[in-house]
Amino acid sequence: MSAEERALAIVNHNNLAMLGTVDEKGKPFIKAMLYVKNEGLKEFVFCSNTSSKRVRHIADNPSACLYIYEGYEGVMLTGNAEISYDDDKRQAFWDDNMYYHYPQGPKDPDYMLVKFTAAAGNYYSEKQNEDFVVR
């Protein structure tokens, strides 16, 4: 099995990723976030708050990374993140359990989406690393 296939198995078995962004001082910042959708290893969508630090970071510097792991296996993806307030997309990812965080519903001004698009990856297992290009 290739590194990409093993990485995809980890991604498809989880929905929690560590999203890394770069703050206004150039320092790394990481946050555990649930992804609501992924398209293979290429694209991931997260729900977040407009008021979050990540939104400010991404607006200033779209460089980002994801790390997803299971036991002693992990995949790191590097690429770019973007923010979206598209009403159709926010509605598509809406779940009624989200009213707790966004009391005004899917059009709540504090509810937005983060889309991460990967360009490269690294699969780690058993003290071995393997880099790959994400297609």
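Quick one: which helices (runs of 4 or more DSSP H) lie wholly within the stretch 1-92 and hold at least 2 residues that are exposed (fewer than 14 other Cβ atoms within 10 Å of the Cβ) and touching a helix residue (DSSP H, G or I) at 6+ places or on another chain (Cβ under 8 Å)?
On the way: elements: 3-12, 53-60, 87-92.
Answer list for the stretch 1-92: 87-92.
Residue pairs whose Cβ atoms lie under 7 Å apart, separated by 6 or more positions or on different chains, with the first residue in the stretch 93-110 and farther than 14 Å from residue 36 by Cα and the second aromatic (Phe, Trp, Tyr), are 102/111; 105/99; 106/94; 108/102; 110/102. Restricting attention to the stretch 93-135, and to residues there that are modelled with pLDDT of 95 or more, assigned to a strand (DSSP E or B) and open to solvent by 70 Å² or more (accessible area, probe 1.4 Å), which single residue is farthest from residue 51 (Cα to Cα)? Applying the filter and picking the extreme gives 130.
Residue by residue through the stretch 19-48, note down the ones that are in contact with a strand residue (DSSP E or B) (Cβ under 8 Å, 6 or more places away or on another chain) and basic (Lys, Arg). Before the answer, list the steps.
Taking the stretch 19-48 as the starting set, the residues that turn out to be in contact with a strand residue (DSSP E or B) (Cβ under 8 Å, 6 or more places away or on another chain) are 19-23, 28-38, 41-48.
Selection gives 31, 37, 42.
The values are calculated or read from the model by the stated rules, or taken from the named source; none is laboratory data. Just so you know, these numbers come straight off a predicted model, no measurement behind them. FYI the Cβ positions are ideal-geometry reconstructions off the backbone, even for glycines, and counts take in every protein chain you see. Areas reflect the complete protein model, heavy atoms only, side chains present, ligands, DNA and RNA absent. Shrake-Rupley method; radii C 1.70, N 1.55, O 1.52, S 1.80 Å.
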